[in-house]
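Colleague: Just dropping this structure here.
No value in this document is a laboratory result; all are computed from the given coordinates. For clarity, every value in this text was computed on a predicted model and none was experimentally measured. Don't worry about glycine lacking a Cβ; one is built from the backbone with ideal geometry, like all the others, and counts go over all protein chains shown.
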């Protein structure tokens with residue numbers, strides 16, 4: 001069965017780090033998503049995201065989409081199919097609303113990993129350390145989406161694998177266990 005590991009949680013919980021780990025350790029391709037925001041330093045089009053215009057975003061077959069800080073983000077069915085052409089188990093990073101949509105649309109094909117931390121202030125520290133502009137950081141922390149993603153949505157409660165990402169070595173062990181179970 002083709003499956004997608006949907007990695008979700010609050011901004012700063014480690015979603016990108018987890019995705020990169022799964023790609024490097026387990027060779028799981030990632031579903032490349034789309035955004036209208038400008039690339040951050042070191043990001044590449046077609047690798048980190050497909051960097052789109054608002055016009056090109058409207059032409060996609062999107063499974064889910066969201067707007068953060070006046071920028072659109074979304075994942076397309078075409079992107080999911082392209083990833084599945086490479087492997088039966090792939091990853092995608094989504095906010096909790098997108099993860100809920102994936103679970104609703106794809107059912108058992110979507111395996112949701114919800115990342116959290118034991119101290120919410122650690123998230124703010126991580127965000128500050130990754131180099132986001134201070135104004136954008138403040139806006140994000142005040143946003144309804146940020147607060148929504150701090151807790152697992154009711155629709156995913158009991159249907160997700162929850163990882164408290166306080167200790168990277170423990171997180172890696174848990175991820176390895178999940179991938180092994182899914183590949184068996």
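Colleague: Return 45, 95, 184 ranked ascending by Cβ neighbour count within 10 Å, so the fewest neighbours appear first.
Modeller: Values: 45 11, 95 21, 184 5.
With the sparsest Cβ surroundings first, the list reads 184, 45, 95.
Colleague: Could I ask something else about it? Sort 6, 162, 18 so that the residue with the fewest other Cβ atoms within 10 Å of its own Cβ comes first and the one with the most comes last.
Modeller: Fewest-to-most Cβ neighbours within 10 Å comes out as 162, 18, 6.
Colleague: Taking 0.36 nm per residue of sequence separation and subtracting the Cα-Cα distance, how much length would be gained by fully extending the chain between residue 59 and residue 77, in nm to one decimal?
Modeller: Full extension of this stretch gives 5.3 nm more.
Colleague: In what sequence do 38, 2, 86 fall when counting other Cβ within 10 Å, fewest first? All intermediate terms of the calculation are to be shown ahead of the outcome.
Modeller: Numbers: 38 8, 2 14, 86 11.
Final ranking by Cβ density, sparse to dense: 38, 86, 2.
Colleague: Is the shape of the stretch 11-129 best called rounded, prolate or oblate, per the rule: a/c under 1.5 gives rounded, else a/b larger than b/c gives prolate, else oblate, with a ≥ b ≥ c the square roots of the Cα gyration tensor eigenvalues?
Modeller: Rounded shape, in that the Cα axes give a/c under 1.5.
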